[in-house]
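Participant: Before I ask anything, here is the structure I am working with.
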């Protein structure tokens, strides 16, 4: 009986590791999609407020936020009881953008910059979505044994 329970425990551990492996395999692109979506919302808000006096344009630092979401930073932890110095809050990394040409009404939105940033972010969102779809297709093929 003890031998059987030990085998079942080892099998469950193997299955948990497989699930964790699949999650880590997809995590980068899923986190990138979430951050790109958040950035689209911020940029759309900037464009919508282009004529609002004293509105300050915002943006997020995509690479630092993705690193924080992935747990990449100065301090890596290997136990749940350790404190991680990398913040994973979605609001971290969002800051005000400095405008190139100051406006008289205090608005820092430069419509041409916002539109360009929005277009670039949409293309990168689509690329991340395509990468995620390809990874899922590859995993599906591997599971089917194709």
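Any read-out appearing in this document is the output of simple, stated calculations on the displayed coordinates, not a laboratory observation. A quick note: this is a predicted structure, and the numbers were derived from the prediction, not measured. As a convention, Cβ positions derive from the backbone with ideal geometry for all residues, glycine included, and neighbour counts pool all protein chains shown.
Participant: Once you put a point 7 Å from the Cα of residue 115 and another 7 Å from the Cα of residue 48, both along the Cβ direction, what distance in nm separates them?
Facilitator: 1.9 nm
Participant: Would you mind getting me the FRET efficiency between residue 63 and residue 137? Use the beta-carbon distance for r and R0 = 30 Å, nearest 0.05.
Facilitator: Between residue 63 and residue 137 the formula returns 0.65.
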